[in-house]
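Taking it in order: structure first as structure tokens, then the write-up.
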Amino acid sequence: MTSSDVYDETSIATVEDPASADVAGNAAGAAPVAAQGTLGREAAGSGPELEDEALALPDQGGQGSSHAAASRADRLRSFERGDHSTPSSKIEEWRFTPLRRFAPLFEDVAGEAAVEVTVSRPEGAAAESTLGAGEAPRGTVLVPEDLPTAIASARTEQALHLVAPKNTELAEPFRVQSVGQGAELRGHGHVVLETQESSAATFVLNHTGSAQYVQNVEMVVGDNSQMTVITLQDWDDDALHIATHHARVGRDAKLKHIAVSLGGSAVRVNTIGEFSAPGGEIEDLGLYFSDENQFLEHRLFVDHAAPNCTSNVAYKGALQGQKARSVWVGDVLIRKAAEGTNTYELNRNLVLTEGARADSVPNLEIETGEIEGAGHAAATGRFDDEQLFYLRARGIPEQEARRLVVRGFFAELIQQIDVPEIREHLFASIETELARSMN
Amino acid sequence: MSVLEIKNLHATVETPEGTKQILKGVDLTIRGGETHAIMGPNGSGKSTLAYALAGHPKYEITEGSVTLDGEDVLEMSVDERARAGLFLAMQYPVEVPGVTVSNFLRTAKTAIDGEAPSLRTWVKDVKGAMDDLRMDPAFAERNVNEGFSGGEKKRHEILQMQLIKPSMAILDETDSGLDVDALRIVSDGVNRAKENTDVGIMLITHYTRILRYVKPDFVHVFVNGRIAEQGGPELAEQLESEGYDRFLAAAN
Ligand SMILES: Nc1ncnc2c1ncn2[C@@H]1O[C@H](COP(=O)(O)OP(=O)(O)O)[C@@H](O)[C@H]1O
Ligand SMILES: [Mg+2]
């Protein structure tokens with residue numbers, strides 16, 4: 001298959017309530033599409049401007065907008081805090097983020113006991129251990145790409161190290177319960193998750209309470225191993241959270257990464273996955289529900305640096321209430337060496353009320369022509385009055401009608417979470433979120 | 001026996017050009033067991049009448065009254081009207097992503113009856129009704145109206161009518177765009193509902209063809225927001241040969 005058989009464009013769909021937009025494409029030479037919709041009352045002025053499509057093909061170079069002209073591969077990585085500039089809306093990776101709100105997390109200060117962490121290890125796990133700075137495997141995968149990540153890296157003396165030893169399959173998950181101790185408390189964290197060769201394990205990271213928390217999660221997915229990571233942002237309403245998750249996936253290994261963001265005032269989760277050897281697989285799933293005044297951002301980067309690897313990204317979000325915001329940016333880079341790559345990414349948003357806004361930017365960069373398949377789809381739809389009318393005309397009360405649609409929207413994704421109690425928790429959380437807005 | 005009484009109904013809609021009067025004094029009484037055909041040219045306000053009765057928020061009632069068995073329909077919310085026995089088969093049914101037909105039907109039935117149907121009979125009823133309408137069982141697992149063909153959407157509307165068992169059903173151009181086979185299947189469905197229940201039917205149509213399959217007791221010619229003439233089935237035959245021209249000329 002050649003590069004002309006895939007569609008490969010950068011497009012952005014920004015939707016404010018009454019508008020609806022689709023960005024989608026399929027293999028087989030679909031023409032580049034850039035759909036945008038900003039029919040909302042506040043369409044002009046607020047937030048970032050819409051970007052035109054930007055193509056990044058090996059033979060065409062980076063034409064298009066200045067934003068996407070630089071390859072995702074060129075981003076600076078360094079442990080030195082001084083190497084990173086303070087986030088500003090002029091920098092591509094921060095342009096959607098409410099910087100004033102996150103400002104406390106950009107200050108390089110010592111952490112307090114902001115988060116109480118409890119760990120439970122399943123039977124068969126390696127003994128409890130921690131890693132100091134520069135103590136491998138800490139720092140072998142996650143090298144900070146931005147200031148808060150560099151601060152958290154430098155300011156975390158001992159990182160938690162959770163290991164599934166070689167050739168062991170752990171039936172029960174590791175659980176890391178982080179409870180924020182107060183919205184005014186600033187904290188850092190770094191955790192290293194490791195599945196050694198031919199092992200299998202699930203790690204559940206749960207976040208509740210409130211804090212100002214910057215967190216690094218480093219994932220070392222050993223050859224032929226299987227790692228599942230589920231991170232739940234179930235914070236109280238006033239928490240601030242920036243998390244960087246960075247994985248390296250070994251030969252024939254599989255990573256399933258699931259991010260669920262329901263709580264917090266402002267949450268930004270940046271998930272990076274790279275393949276170091278052939279035969280790897282990454283599945284990045286995500287679910288978010290943004291309420292009034294809540295900001296939830298998910299950034300993904302899948303770096304296909306090795307041949308014959310597969311990646312699949314699927315994120316779904318619902319938004320309701322005034323100033324509910326979500327941002328989803330999905331970068332996929334298929335490097336020259338990554339022949340036989342298969343990748344697909346999808347983001348869908350459901351805007352339930354007026355005054356909410358979802359931004360969605362899929363971004364596919366292809367440096368080799370010899371790939372299996374590549375595609376993306378992003379769509380933001382509005383839960384509209386006609387749907388509501390149709391359901392109500394069948395006797396279904398309004399609140400139940402909304403619940404039906406939202407549950408249905410998320411169900412397919414939730415079914416893919418292998419831990420039953422988390423599935424149930426999520427269905428219950430969605431009900432709570434909905435009930436909140438209905439009163 | 002149910003009675004739907006519409007008196008001097010006026011309704012407006014907001015358009016970019018301003019408020020537009022669409023219904024201009026509709027008078028109509030439908031009793032349980034009766035079938036009334038409402039026939040009229042495109043744009044005469046037939047769908048507006050249907051939507052106004054069902055309570056669509058776009059249409060504002062400016063004058064007149066509607067009662068079902070003496071109860072004031074206009075005071076009821078959309079879902080209350082449905083629970084009171086009113087059913088609207090829509091001309092353009094709406095897609096509901098993420099909600100399967102089976103889930104939708106069960107939720108609607110539960111809402112209408114005020115209690116969940118007994119599982120065993122419900123599964124049987126749904127299967128039977130789907131068989132009647134020549135709907136593939138796989139249909140139940142598809143999302144409501146998503147990717148349905150025109151005919152599938154209409155059959156799905158009649159399926160709902162069959163299961164919900166309303167006392168008053170408004171069928172808005174359920175026949176439009178169907179081929180003869182699909183029309184026959186849908187008409188059979190309507191006739192079954194007539195046989196098995198005491199439903200009153202407002203059969204809105206643009207074409208006379210469906211009246212060969214569903215026999216009306218009364219025919220009303222709807223022009224320019226009101227009923228221009230009414231009669232028995234013979235009026236439909238007259239319309240079939242003469243068209244709406246005479247009424248249009250009279251209305252203008
Ligand atoms: N929501 C609406 N907005 C603007 N105009 C409408 C709306 N609904 C109906 N109309 C107008 O009202 C008139 C009657 O429409 P409709 O009730 O759909 O007629 P029919 O069903 O008989 O074809 C038409 O002129 C139509 O354009
Ligand atoms: Mg119509």
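Applying the condition of being more than 16 Å from ligand 2 (Cβ to nearest atom) and hydrophobic (A, V, I, L, M, F, W, C) to the stretch B:74-94 and asking which residue is farthest from residue B:56 (Cα to Cα) yields B:84.
Looking only at residues in the stretch B:168-206 that are more than 16 Å from residue B:217 (Cβ to Cβ) and within 14 Å of ligand 1 (Cβ to nearest atom), which one is nearest to the other protein chains (Cβ to nearest Cβ)? Applying the filter and picking the extreme gives B:172.
In the set B:104, B:139, only one residue is touching a strand residue (DSSP E or B) at 6+ places or on another chain (Cβ under 9 Å) and outside any loop (DSSP other than H, G, I, E, B); that residue is B:104. Filtering A:242, A:258, A:282, A:272 for residues that are part of a strand (DSSP E or B) and in contact with a Cys (Cβ under 9 Å, 6 or more places away or on another chain) leaves a single hit, A:282. With respect to residue B:97, determine if the residue is part of a loop (DSSP other than H, G, I, E, B), away from ligand 2 (no atom under 16 Å from the Cβ) and surrounded by fewer than 23 Cβ atoms within 10 Å (Cβ to Cβ). It is false that residue B:97 is part of a loop (DSSP other than H, G, I, E, B), away from ligand 2 (no atom under 16 Å from the Cβ) and surrounded by fewer than 23 Cβ atoms within 10 Å (Cβ to Cβ).
Scanning the stretch B:30-59 for residues that are more than 17 Å from residue B:73 (Cα to Cα), open to solvent by less than 10 Å² (accessible area, probe 1.4 Å) and away from ligand 2 (no atom under 15 Å from the Cβ) yields B:35, B:36. Figure legend. Inter-residue proximity from the stretch B:6-29: first residues more than 14 Å from residue B:53 (Cα to Cα) and open to solvent by 30 Å² or more (accessible area, probe 1.4 Å), second residues more than 9 Å from ligand 1 (Cβ to nearest atom) and outside any strand (DSSP E or B), beta-carbon distance below 8 Å, spacing 6+ or different chains. Indicated pairs: B:24/B:224.
Just so you know, in the stretch A:402-429 the residues that are within 8 Å of chain B (Cβ to nearest Cβ) and closer than 26 Å to residue B:172 by Cα include one that is most open to solvent (accessible area, probe 1.4 Å), and it is A:404. Residue count for the stretch B:137-152 satisfying the condition of being open to solvent by less than 30 Å² (accessible area, probe 1.4 Å), within 12 Å of chain A (Cβ to nearest Cβ) and either within 16 Å of ligand 2 (Cβ to nearest atom) or not hydrophobic (A, V, I, L, M, F, W, C) (or both): 1. Selection within the stretch B:189-237: residues that are among the basic types (Lys, Arg) and crowded, with 16+ Cβ neighbours inside 10 Å. The member of this set that is farthest from ligand 2 (Cβ to nearest atom) is B:192. Per the conditions (1) more than 23 Å from residue B:172 (Cα to Cα); (2) away from chain A (no Cβ under 12 Å); (3) in a helix (DSSP H, G or I), the sole criterion not satisfied by residue B:155 is (1).
Summed over the stretch B:170-188, the residues that are surrounded by 23 or more Cβ atoms within 10 Å (Cβ to Cβ) and away from ligand 2 (no atom under 16 Å from the Cβ) give a count of 1. The residues of the stretch A:103-139 that are part of a loop (DSSP other than H, G, I, E, B), over 19 Å from residue A:152 (Cα atoms) and open to solvent by less than 50 Å² (accessible area, probe 1.4 Å), listed by number, are A:122, A:124, A:125, A:126. Across the stretch A:270-314, the number of residues qualifying as within 30 Å of residue A:355 (Cβ to Cβ), of a type in the set (Phe, Trp, Tyr) and crowded, with 24+ Cβ neighbours inside 10 Å comes to 2. Taken together, B:161, B:90, B:168, B:130 contain a single residue that is at pLDDT 95 or above and in contact with an Asp or Glu (Cβ under 7 Å, 6 or more places away or on another chain), which is B:90. Applying the condition of being closer than 23 Å to residue B:198 by Cα and not β-branched (Val, Ile, Thr) to the stretch B:60-73 and asking which residue is farthest from ligand 2 (Cβ to nearest atom) yields B:70. Of all residues in the stretch B:98-128, exactly one satisfies the criterion of being facing another protein chain (nearest Cβ under 7 Å), touching a residue at least 24 places away in the same chain (Cβ under 8 Å) and either within 20 Å of residue B:61 (Cβ to Cβ) or of a type outside the set (A, V, I, L, M, F, W, C) (or both), namely B:98. Residues in the stretch A:323-340 that are open to solvent by less than 10 Å² (accessible area, probe 1.4 Å) and part of a strand (DSSP E or B): A:326, A:327, A:328, A:329, A:330, A:332, A:333, A:334.
Test residue B:134 against the stated conditions and say whether it is among the charged types (D, E, K, R), open to solvent by 50 Å² or more (accessible area, probe 1.4 Å) and either assigned to a helix (DSSP H, G or I) or within 16 Å of ligand 2 (Cβ to nearest atom) (or both). Taking the combined requirement at face value, the residue does not satisfy it. Among all positions in the stretch B:77-86, there is no residue which is under 26 Å from residue B:220 (Cβ atoms), surrounded by fewer than 21 Cβ atoms within 10 Å (Cβ to Cβ), away from chain A (no Cβ under 14 Å) and away from ligand 1 (no atom under 13 Å from the Cβ). For residue B:11, the conditions (1) closer than 24 Å to residue B:236 by Cα; (2) of a type outside the set (Ser, Thr, Tyr); (3) within 16 Å of ligand 2 (Cβ to nearest atom) all hold with the exception of (1).
The values are calculated or read from the model by the stated rules, or taken from the named source; none is laboratory data. From a predicted model like this one, the values you see are computed outputs, not experimental measurements. Glycine gets a Cβ as well: all are built from the backbone with ideal geometry, and neighbour counts include every protein chain shown. What goes into the accessible areas is simple: the full protein's heavy atoms, side chains included, and nothing from ligands, DNA or RNA. Shrake-Rupley method; radii C 1.70, N 1.55, O 1.52, S 1.80 Å.
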